[in-house]
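Undergrad: Sharing a structure with you now.
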Amino acid sequence: MENHPDRVLILDFGSQVTQLIARRVRESGVYCEIHPFNIDNEKLKAFGPKAIILSGGPASVTEQASPRAPDGVFTLGVPVLGICYGEQTMCAQLGGKVAGSDHREFGRAFIEVTEDCALFAGLWPKGSREQVWMSHGDRVDALPPGFRVVAVSDGAPYAAVADDARRFYGVQFHPEVVHTPQGAALLKNFTHKVAGCTGDWTMAAFRAESIARIRAQVGKGRVICGLSGGVDSSVAAALLHEALGDQLTCIFVDTGLLRQDEATEVVKLFRDHYNIPLVHRDAGALFLGKLAGVTDPEQKRKIIGGTFIDVFDEEATKIGGAEFLAQGTLYPDVIESVSFTGGPSVTIKSHHNVGGLPARMKLKLVEPLRELFKDEVRDLGRELGLPDHLVKRHPFPGPGLAIRIPGDITAEKLDILRKADVIYLDQIRNAGLYDAIWQAFAVLLPVKSVGVMGDGRTYDYVCALRAVTSTDGMTADSYPFAHEFLSETATRIINEVRGINRVVYDVTSKPPGTIEWE
């Protein structure tokens with residue numbers, strides 16, 4: 001938000017949990033953004049941060065080519081907090097020393113608070129012993145002029161340091177993770193007490209600022225928006241409609257790969273209830289024909305993405321006169337598009353996208369959600385008055401059910417999977433578990449099993465069920481269903497869905513970026 005006076009800048013040195021810093025800061029009502037560590041001094045100044053946080057990272061300060069913070073960070077006159085690698089590079093750049101250590105610390109650790117400081121005020125008094133989360137091999141060996149040690153640990157003689165005059169602070173541990181129990185409160189101390197942020201950034205304020213910004217960007221122009229019916233595109237469409245009215249036209253490409261009755265719900269909500277101009281293109285037969293006989297998952301994605309673009313382009317051309325394309329890009333997508341070295345990301349998060357639009361369309365982008373995390377998008381949806389069942393809806397991939405059917409895609413398999421998926425989600429809702437789960441879905445495995453049902457043998461498909469918990473969609477753990485729930489759900493699916501005779505539950509936890517079935 002360009003106009004907000006309290007803006008915190010987070011410089012990313014490549015930590016896997018940098019996004020968590022931003023989430024904790026925003027949870028305390030302070031707007032912040034993540035930028036690569038090598039932001040130039042002019043952009044740094046133009047951002048106008050009220051405070052700066054230096055993230056952790058995988059590099060070693062002892063190596064000559066390791067990343068450094070811009071010099072302007074320390075001459076801007078604003079508070080600076082260095083976390084893990086951020087503490088180390090701050091100390092090294094300001095005249096201290098960093099060295100490798102034989103006593104590395106990874107995981108849960110305890111620090112001894114040796115002195116009071118503004119960062120710990122009201123949380124950790126002098127003499128207390130506090131639990132934190134460490135992840136470091138190197139350590140600060142000598143402090144720069146003006147700094148003092150305020151906490152120590154077994155492996156870090158400078159576990160927390162402070163330069164009170166310049167309001168520079170460094171911690172060797174990670175306050176952003178839940179394993180540091182009072183870490184969020186410590187970050188709030190930094191933003192509110194040290195930096196003086198008011199904490200008045202709310203979703204109502206974001207809504208008002210976004211509407212003003214959309215109107216300023218678009219003027220009297222026409223906008224087309226790709227509407228999938230998912231949370232992101234739905235919230236984007238509602239926000240754009242509030243800002244622009246009939247200047248917005250939504251295009252809903254029905255790929256035939258959606259969940260049961262999904263297309264009907266999208267049309268009913270947006271065209272009939274919200275009166276948003278909506279083009280509904282039923283292209284299910286086209287997509288199914290293109291996918292016939294294709295088994296490779298990445299090839300499926302490319303076919304779906306390419307076909308989607310062609311169909312979308314056809315419908316956009318029919319509308320005519322549009323100057324802008326609206327997309328439901330989220331902040332994690334923006335962050336992931338740039339590596340910690342500031343260049344293009346090596347890995348494209350293809351489960352978020354089905355492809356880019358062709359240059360021939362010559363449309364300017366409007367991305368009203370690009371500053372928000374997923375949970376913030378849900379909050380904005382509530383602020384806009386979208387129905388709760390839509391706002392809380394589990395994420396659904398762009399390629400749809402095609403990546404939940406390993407092997408070739410057929411109309412029969414899609415029908416079987418839809419029916420199983422409906423039962424599974426119905427069971428979860430009836431058990432009151434839907435909101436406790438980040439994402440749950442059924443998968444039709446490319447194998448058949450011999451079974452006995454009644455007095456006859458069957459040779460039908462195996463259905464796998466997945467349910468995961470997550471806070472941000474970056475990592476996930478399987479949900480611990482009770483055996484009774486799984487047994488009842490499996491029985492319903494086998495009894496009610498012709499074509500399935502066995503159900504299994506996937507209990508594998510997933511590292512970043514691999515929540516979907518591949």
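The values are calculated or read from the model by the stated rules, or taken from the named source; none is laboratory data. The structure displayed is predicted, hence computed values, not measured ones. FYI the Cβ positions are ideal-geometry reconstructions off the backbone, even for glycines, and counts take in every protein chain you see. Accessible surface is based on the protein model in full, side chains and every heavy atom, while ligands, DNA and RNA are left aside. Shrake-Rupley method; radii C 1.70, N 1.55, O 1.52, S 1.80 Å.
Undergrad: Condition check: open to solvent by 50 Å² or more (accessible area, probe 1.4 Å), in contact (Cβ under 8 Å) with a residue 40 or more places away in the chain and closer than 19 Å to Phe13 by Cα. Does Gly86 satisfy that?
TA: For Gly86, the condition - open to solvent by 50 Å² or more (accessible area, probe 1.4 Å), in contact (Cβ under 8 Å) with a residue 40 or more places away in the chain and closer than 19 Å to Phe13 by Cα - is not met.
Undergrad: Read through the list (1) in a helix (DSSP H, G or I); (2) open to solvent by less than 30 Å² (accessible area, probe 1.4 Å); (3) modelled with pLDDT of 95 or more, then give the number of the only condition that Glu376 fails.
TA: Going through the list (1) in a helix (DSSP H, G or I); (2) open to solvent by less than 30 Å² (accessible area, probe 1.4 Å); (3) modelled with pLDDT of 95 or more, Glu376 breaks only (3).
Undergrad: Could you go through the range 221-229 and let me know if any residue there is over 25 Å from Gly306 (Cα atoms) and either aromatic (Phe, Trp, Tyr) or surrounded by fewer than 22 Cβ atoms within 10 Å (Cβ to Cβ) (or both).
TA: For the range 221-229, residues over 25 Å from Gly306 (Cα atoms) and either aromatic (Phe, Trp, Tyr) or surrounded by fewer than 22 Cβ atoms within 10 Å (Cβ to Cβ) (or both): present.
Undergrad: Taking the range 230-255 as the region of interest, how many residues are free of Cβ contacts under 8 Å to residues at least 60 places away in the same chain, within 24 Å of the chain's Cα centre (by Cα) and either assigned to a helix (DSSP H, G or I) or surrounded by fewer than 22 Cβ atoms within 10 Å (Cβ to Cβ) (or both)?
TA: 0
Undergrad: Inside the range 262-320, counting only helices (runs of 4 or more DSSP H) that do not spill past its ends, which hold 3 or more residues that are acidic (Asp, Glu) and modelled with pLDDT of 90 or more?
TA: Hits in the range 262-320: 297-319.
Undergrad: Looking at Ala92, Ala22 in this structure, which one is under 26 Å from Leu369 (Cβ atoms) and part of a helix (DSSP H, G or I)?
TA: After applying the criteria, what remains is Ala22.
Undergrad: Identify, from the list Gln64, Gln93, the residue that is touching a Phe, Trp or Tyr at 6+ places or on another chain (Cβ under 8 Å) and farther than 15 Å from Ile21 by Cβ.
TA: The conditions single out Gln93.
Undergrad: Cβ-Cβ distance below 9 Å, separation of 6 or more or different chains: which pairs start in the range 123-148 with a residue that is farther than 27 Å from Glu63 by Cα and end on one that is open to solvent by 30 Å² or more (accessible area, probe 1.4 Å) and β-branched (Val, Ile, Thr)?
TA: Lys126/Thr114; Gly127/Thr114
Undergrad: Closer than 20 Å to Val73 by Cβ and over 30 Å from the mean Cα position of the chain (by Cα): which single residue out of Ala195, Ala118 fits that description?
TA: Ala118
Undergrad: Just a yes or no: is a residue in the range 44-66 free of Cβ contacts under 8 Å to residues at least 40 places away in the same chain, open to solvent by 10 Å² or more (accessible area, probe 1.4 Å) and assigned to a helix (DSSP H, G or I)?
TA: Yes, that holds for at least one residue.
Undergrad: Checking the condition surrounded by 20 or more Cβ atoms within 10 Å (Cβ to Cβ), assigned to a helix (DSSP H, G or I) and among the charged types (D, E, K, R), which residue from Asp421, Asp435, Asp415 passes?
TA: Asp421
Undergrad: Of these, Val503, Val507, which one is closer than 22 Å to Lys448 by Cα and either at pLDDT 95 or above or among the aromatic types (Phe, Trp, Tyr) (or both)?
TA: Just a single option satisfies the conditions, and that option is Val503.
Undergrad: Consider Gly29 against the criteria (1) in contact with a Gly (Cβ under 8 Å, 6 or more places away or on another chain); (2) assigned to a loop (DSSP other than H, G, I, E, B); (3) open to solvent by 50 Å² or more (accessible area, probe 1.4 Å); (4) farther than 22 Å from Tyr158 by Cα: it satisfies all of them except one. Which criterion is unmet?
TA: Against the list (1) in contact with a Gly (Cβ under 8 Å, 6 or more places away or on another chain); (2) assigned to a loop (DSSP other than H, G, I, E, B); (3) open to solvent by 50 Å² or more (accessible area, probe 1.4 Å); (4) farther than 22 Å from Tyr158 by Cα, Gly29 comes up short only on (3).
Undergrad: Say whether the condition of being out of contact with any Ser or Thr (no Cβ under 8 Å at 6 or more places or on another chain), open to solvent by 10 Å² or more (accessible area, probe 1.4 Å), closer than 25 Å to Asn189 by Cα and of a type in the set (S, T, N, Q) is met by at least one residue in the range 89-112.
TA: yes
Undergrad: Still on this structure, I have one more. Can you tell me which condition Leu76 does not meet? The list is (1) closer than 25 Å to Val149 by Cβ; (2) exposed (fewer than 15 other Cβ atoms within 10 Å of the Cβ), and all the others hold.
TA: Failed condition: (2).
Undergrad: Now for a separate question. Inside the range 144-178, can you point out the residues that are open to solvent by less than 10 Å² (accessible area, probe 1.4 Å), outside any loop (DSSP other than H, G, I, E, B) and small (Gly, Ala, Ser)?
TA: Ala151, Ala160, Ala162, Gly170
Residue by residue, here is whether (1) open to solvent by 20 Å² or more (accessible area, probe 1.4 Å); (2) over 18 Å from Cys225 (Cα atoms) holds:
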residue	(1), (2)
Lys290	yes, yes
Asp296	yes, yes
Ile303	yes, yes
Gly306	yes, no
Ala326	no, no
Val334	yes, yes
